[in-house]
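**Student:** Got a structure for you, written out below as structure tokens; questions coming shortly.
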Amino acid sequence: MARAAQPRAPLALAVLVEELDAIAQRFALLLQLTDAGERRAQLSDLGTAIDRYVRLEQDVFYPVLRRAGFEDKAASQRHEELRELARRVRGASLDASGAALVRELQRAFDAHRARQESHTFAQAAGVLRDELAALALELDEVRGRMSGAYGV
């Protein structure tokens, strides 16, 4: 699905948007693959990429927001849903039940992304104005460490 052009996010938020874009690309690639081995590997990588993104939000982004007085009580529930679905997708079969699970994960991911881009990131840009540069550095550093550890 094509996305409308959006104004550039502040760098800290751009790091998170890049991660969201990479996950969306993994979903698109999964639809194109026909080889079972490649699909299985892509399912594993997709689950890992979602887990990494959720950890970036939980371990770096949301703690900074909470210190600034912004609380998204539903975020933790959305994160757990994404992580659980990603865990299940990693081991999913390639039959109809596995395809249904991937669709469920994509719906949850798309809903989370829409919430982040329409609400949370806009709020964060205002609340964290003075902290965005430092947050960008921290997100990028943690993402770099995770890339090595997670392999995606």
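**Student:** Under the √(5λ) rule applied to the eigenvalues of the Cα gyration tensor, what semi-axes describe the equivalent ellipsoid of the range 51-141? Give them in Å, descending.
**Tutor:** Semi-axes from the Cα gyration tensor: 29, 13, 10 Å.
**Student:** Here's something else I'd like to know. In square nanometres and to one decimal, what's the mean projected area of the convex hull around the Cα atoms of the range 13-61?
**Tutor:** Averaged projected area of the range 13-61's Cα convex hull equals 3.1 nm².
**Student:** Here's something else I'd like to know. Evaluate the distance, in nm, between pseudo-label points positioned 7 Å from the Cα of Ala100 and of Ala114 along their respective Cα→Cβ axes.
**Tutor:** In this crude spin-label approximation the distance works out to 2.2 nm.
**Student:** Where does the Debye-calculated log10 I(q)/I(0) of the chain sit at q = 0.09, 0.18, 0.19 Å⁻¹, using only Cα point scatterers of equal weight, no solvent?
**Tutor:** Taking Cα atoms of the chain as identical point scatterers yields -0.29, -1.09, -1.19.
**Student:** Ok, one more. Chymotrypsin sites (Phe, Trp or Tyr not before Pro), restricted to the range 23-110: which are DSSP loop and have at most 15 other Cβ atoms within 10 Å?
**Tutor:** Passing sites in the range 23-110 are Phe70.
**Student:** State the percentage of accessible surface on the chain attributable to carbon and sulfur atoms; use a 1.4 Å probe and exclude ligands, DNA and RNA.
**Tutor:** About 51 percent, which is the carbon plus sulfur part of the accessible surface.
**Student:** Turning to a different aspect of this structure: Tell me which DSSP H helices of the chain clear both cut-offs, 27 Å or more of axial length from alpha-carbon atoms and a mean Kyte-Doolittle hydropathy of at least 0.5.
**Tutor:** Passing helices, by number: 11-32.
**Student:** Right, another one. DSSP loop trypsin sites (Lys or Arg not before Pro) in the range 36-85 with at most 16 other Cβ atoms within 10 Å of their Cβ, which ones?
**Tutor:** Of the trypsin sites (Lys or Arg not before Pro), the ones in loops of the range 36-85 whose Cβ has at most 16 other Cβ atoms within 10 Å are Lys73.
The values are calculated or read from the model by the stated rules, or taken from the named source; none is laboratory data. Since we're looking at a predicted model, the values are computed, not measured. No Cβ is skipped: glycine too gets one built from the backbone with ideal geometry, and neighbour counts run over all protein chains shown. For accessibility, only protein heavy atoms count, side chains too; no ligands or nucleic acids. Shrake-Rupley method; radii C 1.70, N 1.55, O 1.52, S 1.80 Å.
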